[in-house]
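Below is one structure, written out as structure tokens, with a few remarks after it.
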Amino acid sequence: MMSHKSTSTLRILATAGVVLFGLASQQAMAHAHLKTETPAANAVVTSSPTELTLGFSEGVEPSFSKVEVNGPDNKPVKTGAFTLAEKDNTQVLIPLPTPLTSGKYQVSWHVVSVDGHKTQGQYIFTVK
Ligand SMILES: [Cu+2]
């Protein structure tokens, strides 16, 4: 019967939707999200840090990832090489060869995780 048929079609569509949604959320969880950062987001530090550290939820590919820092007046800050912590590809170190003057700094990160997914974000911290 017609009504019975359309009910089963709906049921199949609903099941497919749940499966697709499940897959999509699993993939989202596998992306590299920023979990910790030093200096912390929105922190006010009293002295210039000598490096930034960014800890991600997944390992990242250094050759396809970058971290940019912009200082007061939106001027780009010179940073050292994008470096991964030894034996931990989730921990990124960004050396700051030149001491930071007082002001607000914006850190923008773009990373490709080991599963090939791109994520990006930004945060600020202040040097007093
Ligand atoms: Cu992913």
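Set side by side, the residues 64, 56 differ, and just one is modelled with pLDDT of 95 or more, within 16 Å of the ligand (Cβ to nearest atom), at negative phi and touching a Leu at 6+ places or on another chain (Cβ under 7 Å), which is 56. Taken over the range 76-124, the residue count meeting the criterion of being among the small types (Gly, Ala, Ser) and under 14 Å from residue 59 (Cβ atoms) is 3.
Listed by position, the strands (runs of 3 or more DSSP E) inside the range 71-128 whose residues that are within 16 Å of the ligand (Cβ to nearest atom) and in contact with a Lys or Arg (Cβ under 7 Å, 6 or more places away or on another chain) number at least 2 are 103-112. Among residues of the range 90-103 that are farther than 16 Å from residue 125 by Cα, those with a Cβ under 6 angstrom from a residue that is open to solvent by less than 80 Å² (accessible area, probe 1.4 Å) and of a type in the set (A, V, I, L, M, F, W, C), sequence gap 6+ or separate chain, pair up as 90/56; 91/85; 92/54.
The values are calculated or read from the model by the stated rules, or taken from the named source; none is laboratory data. No experiment lies behind these values; they were computed from the predicted model shown. Every residue, glycine as well, gets a Cβ built from its backbone with ideal geometry; the counts of neighbours run over all protein chains shown. What goes into the accessible areas is simple: the full protein's heavy atoms, side chains included, and nothing from ligands, DNA or RNA. Shrake-Rupley method; radii C 1.70, N 1.55, O 1.52, S 1.80 Å.
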